[in-house]
Amino acid sequence: MNFNNLQEMCLHLGISKDVLIQTFSLLKEQGLIFTPALNASEFVSNDYPVRLAVIGPTADDKHELSTGPFAISRHFYETYFLGVQAKLKDAEVLSVLSTFMRVEYEKFGVRSSRSKGNFSIVAEDDSFYSVAQMSGIYDLSQPYVYTDYVWFDVTEEFRENGQAEMSEEETIAGEYWWWNTKIAFDEGFDPSVPKPEDYILIPDWFYELPKRYLPEITQHLLLRLFSHLTLGLRSDNLIISRRELAEIIELLLEEYAEHDHGTENIDRELLVKELCDYNGHVYPVDIDTYISYLQSTSFILPTENESVYKVAEDWTASSVFSIPPKWEEKYIKFVETGSVLFGYLSIDEIVA
């Protein structure tokens, strides 16, 4: 997933521009975000491209790969990659090795842990050769090393050759053209997951969640549910008991309580509560109200056994939420200012 501008990213993540700006340095030091922008001011004032380590840029394009930067975990880089790099004198062989890491990032994002042999590519000989050959455009000798992630970008030669082939208009409009360039391969190229025990199933509707509509930890709670029920790619049982659900919620609330989230989160949650009230949903604050919220929003469904729930296989926001007049405008103002106040009062009213 690529973002065209700062506001688009903020709306997707459900946070304000101020929060992203305030945490920009930390996120960049971690390598969680990768962008040519040197600081938050540059990032805001210019249309710099950006990638997230945990989101694959071509996840929805099965037979395509981009020519943009790719990431691996710092742990894997230090415990495995550097050792292999030292042993392999042939740069082309190392380039083939990087093919697996690059395709994994492009399709799945970087996983929190990475062990040797957990990922493979199923491909016909000609297709795999084409994909592996493409890895030669990356400079593996000069990575960008951050605290949690390591990024690789294309070689200077590749950039210059690409620029030389562009018209003047394309050059002006596409300073970082390779970030969004995609190359399509035939159907013989099929990235696959040979070891299911490392993966969970996440329904398609989760990626379309309007996170701005939801209480802050709801998306994390849903991920915990998917992990609990589908680890190992199990899909035969989406049933969870009230006791199990309560334990997951309790643990997540305890983890959340350990961090100081500041007043801005209160502003955001006021807007979310307004949406809850408008739709008749209980705004969740503890275990019982979270279970009630998950039920009323149809994330979990009742079964014949009152103490057992089924996690939704299909879900659409339009069936759960009606949006109050001007609510979206208020949220955009919150994204712009970091305060909900500007969504309810004009500047003249605030000053007065």
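The values are calculated or read from the model by the stated rules, or taken from the named source; none is laboratory data. In this text, all values refer to a predicted model and were calculated from it rather than measured experimentally. All Cβ positions, even for glycine, are placed from backbone atoms using ideal geometry, and neighbour counts span all protein chains on display.
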What pairs come out if I take residues in the range 71-86 that are among the acidic types (Asp, Glu) and pair them with residues that are modelled with pLDDT of 85 or more and buried (at least 17 other Cβ atoms within 10 Å of the Cβ) whose C-beta lies under 9 Å away, six or more apart or interchain? 78/150
Here are some residues: 153, 148, 125. Which one is of a type in the set (D, E, K, R) and at pLDDT below 90? 125
Under 9 Å between Cβ atoms, at least 6 apart or on separate chains: pull out the pairs that start in the range 142-155 with a residue that is outside any strand (DSSP E or B) and end on any residue that is surrounded by fewer than 16 Cβ atoms within 10 Å (Cβ to Cβ) and acidic (Asp, Glu). 146/29; 147/29; 148/29; 153/139; 155/139
State which residue is nearest to residue 10 (Cα to Cα) when the search covers only the range 24-53 and only residues that are surrounded by 19 or more Cβ atoms within 10 Å (Cβ to Cβ) and among the charged types (D, E, K, R). 51
